[in-house]
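FYI, it's all coordinate maths here, none of it is from the lab. On a predicted model such as this, the values are computed, not experimentally measured, just so you know. When we count neighbours, we look across all protein chains shown, and the Cβ atoms used for this are built from the backbone with ideal geometry, even at glycine.
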There are 2 protein chains.
Amino acid sequence: MLNQHYRDMLGRKSVIRELSEYAGRRAAEVGAENVYDFTLGNPSVPAPDSFRDSCIRELMTRDPVQLHGYSPSLGIPEVNEKVAASLNRRFGMHYTAGHIFTATGAAGALAHALRAVTKPGDRVLVPAPYFPEYGPYIEGTGAQMQAVPARFEDFQINLEKMAGMLTADVAAVLINSPNNPSGAVYSEETLRQLAQLLEDGQKKFGHAIFLISDEPYREIVFDGKTVPYTAHFYNNTITCYSFSKSLSIPGERIGYVAVNPACEDAELIVPVCGQISRGIGHNCPSSLIMRAMADNADCTADLHVYETNMNLLYDTFRKLGFDVVRPGGTFYIMPRALEKDSVSFCRKAMAHDLIFVPADGFGAPGWFRVAYCLPTGKVERSLGVIENFVKTEYGK
Amino acid sequence: MLNQHYRDMLGRKSVIRELSEYAGRRAAEVGAENVYDFTLGNPSVPAPDSFRDSCIRELMTRDPVQLHGYSPSLGIPEVNEKVAASLNRRFGMHYTAGHIFTATGAAGALAHALRAVTKPGDRVLVPAPYFPEYGPYIEGTGAQMQAVPARFEDFQINLEKMAGMLTADVAAVLINSPNNPSGAVYSEETLRQLAQLLEDGQKKFGHAIFLISDEPYREIVFDGKTVPYTAHFYNNTITCYSFSKSLSIPGERIGYVAVNPACEDAELIVPVCGQISRGIGHNCPSSLIMRAMADNADCTADLHVYETNMNLLYDTFRKLGFDVVRPGGTFYIMPRALEKDSVSFCRKAMAHDLIFVPADGFGAPGWFRVAYCLPTGKVERSLGVIENFVKTEYGK
């Protein structure tokens with residue numbers, strides 16, 4: 001018989017996916033140019049030419065038996081070295097190849113990091129708002145996710161609430177900055193206070209509390225700023241990264257786990273990830289893609305369109321009186337709906353061919369997420385539609 | 001703290017890997033040409049040019065936003081269609097795209113298939129000899145592996161022993177033909193009798209018993225024969241495949257689950273696999289590699305070297321009086337050691353720079369595995385070394 005647990009999951013379909021499917025059907029009816037699909041976080045800019053060139057160079061010049069052969073279970077040493085060198089150069093870290101575990105995107109990186117530092121029954125605290133897939137990611141390990149209520153005024157971490165939830169069975173805290181869905185970048189002050197809280201907890205409970213820092217949007221940051229590097233603030237930090245957004249290659253499934261050299265058991269965590277792979281059927285990302293990634297670890301796609309789009313939408317939402325925090329990065333913005341029930345709000349927007357996602361599933365009930373990885377022309381055309389929707393439905 | 005279960009796994013290092021590492025160190029001492037490393041099942045022939053050409057064509061001609069974008073969670077429809085069409089053409093099946101789930105090699109395919117049809121506590125029967133990684137693959141799901149003792153005279157399935165082990169808590173049987181490590185190809189007669197046994201079990205226990213058929217060596221078969229297609233014999237068959245060996249691209253991590261359309265809940269299994277992916281961090285193989293694979297689904301690397309090597313080794317082992325079954329496929333042969341303790345036998349061989357793997361971990365204690373994915377010239381040079389080893393150590 002089919003496994004009932006997974007069968008039941010089929011019944012609880014993703015709201016994002018349902019809305020996106022609706023948008024697809026609607027586009028077929030009225031033309032794609034007339035449907036403003038703000039649902040999916042699918043990068044809209046091409047990968048840099050250098051990524052394609054690296055792939056082709058590998059295919060043309062490397063012995064295919066070597067290029068396409070099995071990778072060692074802990075990854076290709078020169079790939080891991082290049083990733084470590086890139087992080088050291090850019091963030092002043094001291095990673096060696098042995099601190100890097102290449103993984104199939106952030107999903108794969110989190111699957112390994114979570115299993116490495118939790119056991120079934122442990123709790124993992126996740127500040128809201130959060131990426132809804134963290135639920136299945138954490139539950140798939142046997143641990144339990146517990147959401148820390150959001151701090152709605154600026155979408156920094158609600159540290160007061162977190163302090164009250166930090167009990168002896170908390171093995172890890174999972175954060176995501178720049179944040180999906182809010183676009184908030186956690187400040188140095190936030191990270192410093194979070195580190196203090198976790199260090200106090202470690203002393204109190206007598207065991208390590210790992211900070212798993214999910215950073216796929218690290219390179220999409222606005223106003224010429226950079227994102228504070230979490231591992232600088234707290235020793236027991238495990239960084240999970242994906243090149244999906246920075247290189248615009250989400251389909252290639254490539255990212256890594258980077259273990260802070262100052263971490264407890266730092267030299268053991270990557271070998272432990274190698275063991276975890278055996279049970280979950282991972283065994284390294286594509287060898288071709290790993291090599292092409294390593295040559296482009298310092299590089300990004302042309303990401304400026306996301307900031308342009310953010311400013312257009314932020315200004316419009318402000319002008320229309322929305323309660324909204326200006327994103328510091330990502331390609332998301334999350335205003336508060338104009339009525340208490342964000343599902344009702346998003347349904348009314350759908351009637352205007354504006355497809356927004358209620359943020360209830362992200363731990364922010366009453367708010368909605370707008371993914372603006374779209375051509376700027378389309379975002380520009382959407383602004384009048386948004387104005388008209390708000391005027392028609394809410395008389396503003 | 002690090003998860004103790006995975007930490008303990010680190011202590012139990014793979015014998016194959018240890019031996020292969022020894023072979024590497026020894027090669028550094030005496031020269032790679034003087035060490036006969038028969039440990040690893042790493043394909044020795046290049047991928048077909050058509051695979052490289054497909055990769056380059058995709059990179060040069062397809063819009064990078066589409067090529068490298070997220071794949072749908074159940075895979076790229078045209079890729080699944082091409083895989084289904086290839087299987088239908090070659091094996092007279094009636095798969096549609098909805099029966100195919102692309103996965104990261106056979107390891108990924110098995111991770112999904114096993115989770116789809118078992119729940120924690122269920123038992124999975126595996127006929128010996130078997131690939132040792134089946135242990136962690138099955139245990140990683142929460143189910144228990146139970147080995148069916150080998151039939152040493154021909155390495156077909158020991159159906160008599162299996163019949164005695166088929167109890168109500170057996171959710172699945174996992175078979176591998178052509179078989180790693182024995183090289184045996186399960187005959188039509190074996191598969192027919194296995195199907196009868198499982199059908200009787202289904203009736204008796206009133207629930208489905210799934211047959212998971214792991215077929216990565218399906219295209220490496222000798223004497224001009226073909227491998228009987230398991231799904232023809234038993235309705236509840238889930239086929240797991242990898243292109244690692246047929247296309248010589250193990251590092252690219254590409255394969256699939258193919259659900260027999262006659263299977264119970266056939267239309268549900270692929271969607272269930274999609275849900276399983278969320279918990280284990282999978283989310284599709286590389287999109288570039290999927291597309292290149294789909295164009296080469298009917299194609300193979302030039303695989304004839306394996307048969308040449310098999311014949312050289314089989315004849316030599318026979319001549320030297322080894323108890324050995326002639327492989328019908330794969331790039332493995334598994335003779336019986338010349339003393340009861342195969343570890344002692346392999347240690348003595350190591351002193352002659354012949355690196356064999358004791359098959360105790362494959363469920364065949366007293367036998368040893370020889371992986372002959374090597375250039376034929378090297379295999380030829382090894383024959384005299386094997387003769388000399390046997391003469392010196394065993395006086396034959």
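Take every Cα-Cα pair in segment B:49-295 and report what % of them are more than 24 Å apart.
Result for the distance tail: 44 percent.
What number results when the radius of gyration of the protein assembly as shown, computed over Cα atoms, is divided by 2.2 N^0.38 Å?
0.99
Return the Rg/Rh value of segment A:156-269, two decimal places, where both radii are evaluated on C-alpha atoms and Rh is the Kirkwood radius.
0.98
DSSP loop (so not H, G, I, E, B), at most 11 other Cβ within 10 Å: list which trypsin sites (Lys or Arg not before Pro) in segment A:158-245 pass both filters.
A:LYS225
State log₁₀ I(q)/I(0) for segment B:351-390 at q = 0.25, 0.33, 0.36 Å⁻¹ as given by the Debye formula over alpha-carbon point scatterers of equal weight, solvent excluded.
Evaluating at q = 0.25, 0.33, 0.36 Å⁻¹ gives log10 I(q)/I(0) of -0.92, -1.08, -1.14.
Say R0 is 45 Å: what FRET efficiency, to the nearest 0.05, do A:LEU10 and A:ASP154 get from their beta-carbon distance?
E between A:LEU10 and A:ASP154, to the nearest 0.05, is 0.75.
Under the rule of at least 5 residues apart or a separate chain, name every residue whose amide H is placed under 5 Å from the amide H of A:ALA143.
Answer set, sorted by chain and number: A:GLY121.
Between A:THR118 and residues 5 or more places away or on another chain, which pairs have amide H atoms under 5 Å apart, with H built 1.01 Å from N, and which residues are they?
Amide H neighbours of A:THR118, under 5 Å, 5+ apart: B:ASN3.
Each residue of segment A:210-224 in order: what ³J(HN,Hα) in whole Hz does its phi give by Karplus 6.51 cos²θ - 1.76 cosθ + 1.60, θ = phi - 60°, with x for Gly and Pro?
For segment A:210-224, the Karplus-derived couplings read 7, 9, 9, 10, 8, 10, x, 9, 4, 8, 9, 9, 9, 6, x Hz, x marking Gly and Pro.
Quickly estimate the mean residue ellipticity at 222 nm for chain B, helices only: each DSSP H run with n ≥ 4 gives -39500 (n - 2.57), and the total goes over all residues, rounded to 500.
-13000 deg cm²/dmol
Restricting to the protein assembly as shown, what percent of DSSP beta bridges are antiparallel, rounded to 5?
Here the antiparallel bridges make up roughly 45 percent for the protein assembly as shown.
Once phi is turned into θ = phi - 60°, what whole-Hz ³J(HN,Hα) does the Karplus curve with 6.51, -1.76 and 1.60 give for every residue of segment A:230-236, x standing for Gly and Pro?
3, 4, 5, 9, 8, 4, 7
State the antiparallel share, in %, of DSSP beta bridges confined to segment B:49-295, rounding to the nearest 5.
35 percent
Could you calculate the FRET efficiency of B:ALA32 with B:ASP302 from 1/(1 + (r/R0)^6), where r is the beta carbon distance between them and R0 is 22 Å, rounded to 0.05?
Calculated value: 0.45.
So which GluC sites (Glu not before Pro) in segment A:296-396 end up in coil per DSSP with only 13 or fewer other C-beta atoms within 10 Å?
A:GLU339
How about segment A:33-102: which trypsin sites (Lys or Arg not before Pro) there are in a DSSP loop, with at most 14 other Cβ atoms within 10 Å of their Cβ?
A:ARG62
Over 18 Å between C-alpha atoms is what I'm after, so list which of A:LYS340/A:LYS396; A:LYS348/A:LYS391; B:LYS319/B:LYS396; B:LYS119/B:LYS204 land there.
Exceeds cut-off: B:LYS119/B:LYS204.
Which ³J(HN,Hα) values in Hz, rounded to whole numbers, follow from the phi angles of segment B:379-396 under the Karplus curve 6.51 cos²θ - 1.76 cosθ + 1.60, where θ = phi - 60° and Gly and Pro get x?
Values, residue by residue: 4, 4, 5, 6, 4, x, 5, 5, 4, 5, 4, 5, 5, 5, 8, 10, x, 9 Hz.
Return one number: the angle in degrees, 0 to 90 and rounded to the nearest 10, between the long axis of the Cα atoms of helix B:188-205 and the longest principal axis of the Cα atoms of chain B.
Roughly 50 degrees, rounded to the nearest 10.
Under 24 Å from the Cα of B:LYS225, which lysines turn up, not counting those fewer than eight places away in the same chain?
Of all the lysines, those that pass the test against B:LYS225 - Cα under 24 Å, at least 8 places apart if same chain - are B:LYS245.
Once amide H atoms are placed 1.01 Å from N in the peptide plane, what residues at a sequence separation of 5 or more from B:ILE238, or on another chain, have their amide H within under 5 Å of its amide H?
Placed amide hydrogens put B:LEU211, B:ILE212, B:SER213 under 5 Å from B:ILE238.
Taking the Cα atoms only, what angle lies between the long axis of helix A:15-30 and the longest principal axis of chain A, rounded to 10 degrees?
Long axis of A:15-30 versus the principal axis of chain A: about 50 degrees.
Whole angstrom only: what separates the Cα centroid of segment A:83-130 from the Cα centroid of segment B:4-65?
Their Cα centres are 25 Å away from one another.
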